[in-house]
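The values are calculated or read from the model by the stated rules, or taken from the named source; none is laboratory data. Worth saying up front: this structure is predicted, and the values here are computed from it rather than measured. Cβ: placed from backbone, ideal geometry, glycine included. Neighbour counts: every protein chain shown. Only protein heavy atoms, including side chains, enter the accessible area calculation; ligands, DNA and RNA are left aside. Shrake-Rupley method; radii C 1.70, N 1.55, O 1.52, S 1.80 Å.
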Amino acid sequence: MGGLRAEAETPAARLKKRVHRARTGLRRSAVDYFRGDGSDWIALAALLLTIPVITCLTLFDPVWCAPALLVLPIVAGGLLLRPASLLGLYAASALALIVESVLLGPYADGPSRVTPGVMLTVAACGFFGLVIAQFRSRVGVPWRRGGTMLFDLRERIRVQSKLPALPPGWHREMALRPAGGQSFSGDFVVAARTGGGRTLEVVLTDVSGKGMDAGSRALLLSGAFGGLLGSLPPHAFLPAANGYLLRQDWDEGFATSIHLVLDLDSGDYELYSAGHPPGLQLVAGTGRWEEKSADGPLLGVYDGAQFDPVKGSLRPGDVLMLFTDGLVETSERDLSEGLDRLTGEAERYVAGGFHGAAWHLIEAVAKDVNDDRALLLICREP
């Protein structure tokens, strides 16, 4: 034991231990920094070093390296630093401007001097950078983590909207187009195979508002609805969703929703609606589209609402379409006209099947509509 202890206390062993601790601490600081949890001293030190470099280059050749280049570390600091650190960077930049103005001479001697316009430009960039840094500090989400969080939220909505695989003889697909080409939508889908996999339950919901305005509420509701789906009997889902929405007490607290409960063995289904546009079923035997309208009020309007289903059956060759109002209703077009246009476009896919049709139907019917649009297709193969 004495030999092992002596070997561990040699200068080489102590140096190796210190190097390991330093490397571990540096790696931990870097991880915390990029997660937004660590200190910003690394970024502050790097930006402070750039200021004397820019100052020396300006003094050496003020034509190619103008005094206004000091806005570069200021802009970077507004994105990287906290407000307290940003003030230190601004002080260093102001000192650099003073040094440049003294050594370069009066601005009347040439255009490459420190002019009042340069000082105003640097000051304006510093002001806006400080406003942005204070806003981030108030929100508590630094820019390094903010973009990652938005991306993660978008991916969570996409994953929650993924439809489960269906047994042979069935085809399902969904297309979702947010308003204005944004990444977030007030329309979402939650789906699950319940009853030992024999039943498909799908809920298509349209939250009040559109795009980014409704995206946060859609994310919250999609998580709650996903937890309710399959945990309650089908007839109890919309009443529970209505109660959950009422408890949120939002200013824009309503939503429309349609709940499909489909027996994958027999093709029989129940369709529950909460103020949602009707579903459309293509009956292969007649070649006609039939509206499937269920009774029920909007979600989040009043407590104790009742939701009565409409029943139907999908035979081989039948197709069921569920969609949100952005696909069929606009300020220039009422619901009946929108349904006629949708079924007219859908006729083109009857002969060849509806594989890949959802995205093309949205493109054909509501490509330039400034509203969220979602379309769900459930097909029973002939």
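I need the peptides 68-77, 239-248 ranked by packing, meaning the mean over residues of other C-beta atoms within 10 angstrom, with the highest value on top.
68-77, 239-248
In the range 331-377, what GluC sites (Glu not before Pro) fall in a loop by DSSP, with at most 11 other Cβ atoms inside 10 Å?
Glu332
Which lysines have a Cα lying under 27 Å from the Cα of Lys311, excluding residues fewer than 8 positions away in the same chain?
Reachable lysines: Lys162, Lys292.
Tell me which trypsin sites (Lys or Arg not before Pro) from the range 186-230 have a DSSP coil assignment and no more than 16 other beta carbons within 10 Å of their own.
Arg198
For the full complex of protein chains and a 1.4 angstrom probe, list Ile42, Ile51, Ile98 by accessible area with the highest value first.
Descending order: Ile98, Ile42, Ile51.
What net charge do the residues around Ala236 carry, taking every other residue with its C-beta under 13 Å from that of Ala236, with Lys and Arg at +1 and Asp and Glu at -1?
-2
Each label point is 7 Å from the Cα along the Cα-to-Cβ direction; what then is the distance between the points at Val310 and His171, in nm?
With each label placed 7 Å out from Cα toward Cβ, I get 2.4 nm.
Count charges around Ala192 for me, please; just the other residues with Cβ under 15 Å from its Cβ, Lys/Arg as +1, Asp/Glu as -1.
So the environment of Ala192 carries a net charge of +2.
Please sort by residue number the trypsin sites (Lys or Arg not before Pro) in the range 304-382 whose DSSP state is loop and whose Cβ has at most 10 other Cβ atoms within 10 Å.
Lys367
Measure out, as a whole number of angstrom, how far apart the alpha-carbon centroids of the range 353-382 and the range 81-95 sit.
Distance between centres, Cα-based: 53 Å.
Using the eigenvalues of the Cα gyration tensor, what equivalent ellipsoid semi-axes result for the range 38-80 when each is taken as the square root of five times the eigenvalue, whole Å, largest first?
23, 11, 4
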